[in-house]
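The values are calculated or read from the model by the stated rules, or taken from the named source; none is laboratory data. Source: prediction; values computed, not measured. Cβ atoms come from the backbone with ideal geometry, glycine included; neighbour counts cover every protein chain shown.
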Amino acid sequence: MIVAFFFYVFAAILLVSAAAVVSSRNPVHSVLFLILAFFNAAALFLIAGAEFLAMILLIVYVGAVAVLFLFVVMMLDVNFAELRGGFQRYLPIGATVGVVLLVELALVLGGWKFAPDAMSLRFAPVPEATHNTAALGDLIYTQYVFLFQAAGLVLLVAMIGAIVLTLRDRQTSRHQSIERQHARRPADTLAMVSVPLGVGMAEVSVPPPPAPPARRLAHADGHADGHADPHDAGAAHGGGHHDGGGH
Amino acid sequence: MSGFLATPVGTVILTVAEALAIVVPVLLMMAYLTYAERKVLAAMQLRRGPNVVGPFGLWQPFADALKMLTKETVIPSGANRFLFFLAPMLTFGLAVIAWAVIPVNEGWAIANINVGVLYLFAISSLGVYGIIIAGWASNSKYAFLGALRSAAQMVSYEVSIGFVIVTVLLCVGSLNLTDVVLAQRHVWFCIPLFPMFIVFFISGLAETNRAPFDLAEGESEIVAGFMVEYSAMAFALFFLGEYTNMILISAMTTILFLGGWLSPIPFAPFTHLGPLWFILKVSVLLFCFFWVRATFPRYRYDQLMRLGWKVFLPLSLIWLVLTAGALELFGWLPHA
């Protein structure tokens, strides 16, 4: 009685939110309704005693896939009026897919009615005396291990494909090489000298450190000029030292 | 009495009482967590921290709550009202419902379900929705940037958290949280799985958006990130959710790695203090959260992603394979 009540509550919300996914105008609302639909499907799994599937549905679909959906839908600036413009053009394909799905659904429901042999499989989703986690693990990793591995390989190929399609080696971007930073020692970059008053770096014969590879900061030179002492060369080297030591 | 509790009305009353018995202590702990954080940070920065309201400033959390309650709730003009208020409620609600499966002592869980670990993982991975929805519904660019950062961050770190959990489950052979704790009677998992313990703790910091991974708030760049448009109780709910999530992640770490309620001193008077040991372990972990916050500067976003995908993911994957190999090689598999 209570189970039936909850089943109908969750099933009703599931159907309503599934309808709202395709009918709502705002795509972000669509994704949020999709998430609600996932939730209710998970609740139905729980009622059916498939707690492992319910949790995996939440973790995989709601916790990861739908987050990325939402992420993309929110971030992309898609012109939906333009997308709707193609409605009539894509109607035949869409209608074909829809009809095929409808027929398949009818076949599944018909099988319920007309194939009593399948009854024994259907009404015992959970084997007695074992958790459905263990039962599923046993099934997937022993009986169907090759199919499982093949599915994983297909996903791997898809992932590599996506990376290959989108990876550009951008020469202009600056990368941080953490190994290089860690390998750097003070002795490589710092020289401690005691400079007498009024004497520039040229006089104490310290070679200026190698210039950093990319840019030279303009304001560092200006800063050194502000402190210019009578020796021009000293001022210039002082600027160079300031630049190198700033790292 | 037990006859009354078996009736439907009695069952409902019992369930509500059980829920209150865990939610009220958690909320109280959360209130004093804010106080503890301020005191710990103050001590580490040679300040005094809150010391005005009540003795030692002990009433500060309630003064803060009262202040939040009496403030005006401001709704941005372009905001989606329904989602704007759904987000904080979602954050707080998810942080609280996860406690239904946490066992604080043997048999002291409201719901001792078969898939407790998965339930916790699912709930903690849903926490990101509160943040994304808040960022989007606020109709503000800072809030939106914070939400996007948070979404990418939480999805990245969930991957390594998942592998760490699988590693622990390999050693336990069950998804039940009580079984996870009881499997640690001989040795806590933080000893054989020490690298995974560290990975889990750091990923927990990232999962709760705590320093040094608090890029979703990043007050120096995007003011307060997803919370920028929130005020009064809506803001307070985010705040409550964040701290409750911290306690939750600490409780998860305690259960998975620190032996839950098991006593480190294995004889009589100490072994009866299960819940106290549990709270003590959680508190030590929470102190580490504050300690990290006081010590480390915020990560840059590319560093965050590098740590998640290039360091933790391979590390946890390799350790998973090693653990499975060792269990198989030495015949330590739980149900072999």
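Taking the criterion of being in a helix (DSSP H, G or I), buried (at least 24 other Cβ atoms within 10 Å of the Cβ) and either small (Gly, Ala, Ser) or in the same structural domain as residue B:224 (by TED's automatic domain parsing) (or both), would at least one residue in segment B:103-114 satisfy it? Looking for residues that are in a helix (DSSP H, G or I), buried (at least 24 other Cβ atoms within 10 Å of the Cβ) and either small (Gly, Ala, Ser) or in the same structural domain as residue B:224 (by TED's automatic domain parsing) (or both), one finds none in segment B:103-114, hence no. With a requirement of 3 or more residues that are surrounded by fewer than 20 Cβ atoms within 10 Å (Cβ to Cβ) and not polar (S, T, N, Q), the helices (runs of 4 or more DSSP H) lying completely within segment A:1-58 that satisfy it span A:2-23, A:27-47.
Taken together, B:13, B:123 contain a single residue that is modelled with pLDDT of 85 or more, within 14 Å of another protein chain (Cβ to nearest Cβ) and not in a loop (DSSP other than H, G, I, E, B), which is B:123. The residues of segment B:179-195 that are surrounded by fewer than 16 Cβ atoms within 10 Å (Cβ to Cβ), among the hydrophobic types (A, V, I, L, M, F, W, C) and modelled with pLDDT under 85, listed by number, are B:187, B:191.
In segment B:105-120, the qualifying residues are those that are modelled with pLDDT under 85 and not small (Gly, Ala, Ser), and the one that is farthest from residue B:172 (Cα to Cα) is B:110. Among the candidates B:40, B:24, B:52, the residue that is outside any loop (DSSP other than H, G, I, E, B), exposed (fewer than 14 other Cβ atoms within 10 Å of the Cβ) and not assigned by TED's automatic domain parsing to the domain that holds residue B:296 is uniquely B:24. Looking across segment B:200-250, the residues that are in a helix (DSSP H, G or I) and of a type in the set (Val, Ile, Thr) come down to B:202, B:244, B:247, B:249. Where helices (runs of 4 or more DSSP H) sit wholly within segment B:263-336, those with at least 3 residues that are within 14 Å of chain A (Cβ to nearest Cβ) and farther than 30 Å from residue B:38 by Cβ occupy B:301-306, B:313-329.
Using beta carbons and a limit of 8 Å, which pairs, at least six apart or on different chains, have the first residue in segment A:178-200 and part of a helix (DSSP H, G or I) and the second one surrounded by 11 or more Cβ atoms within 10 Å (Cβ to Cβ)? From residues that are part of a helix (DSSP H, G or I), the pairs are A:178/B:306; A:189/A:209; A:189/A:244; A:189/A:245.
All of B:242, B:207 fail the test of being under 20 Å from residue B:102 (Cα atoms) and within 14 Å of chain A (Cβ to nearest Cβ), apart from B:207.
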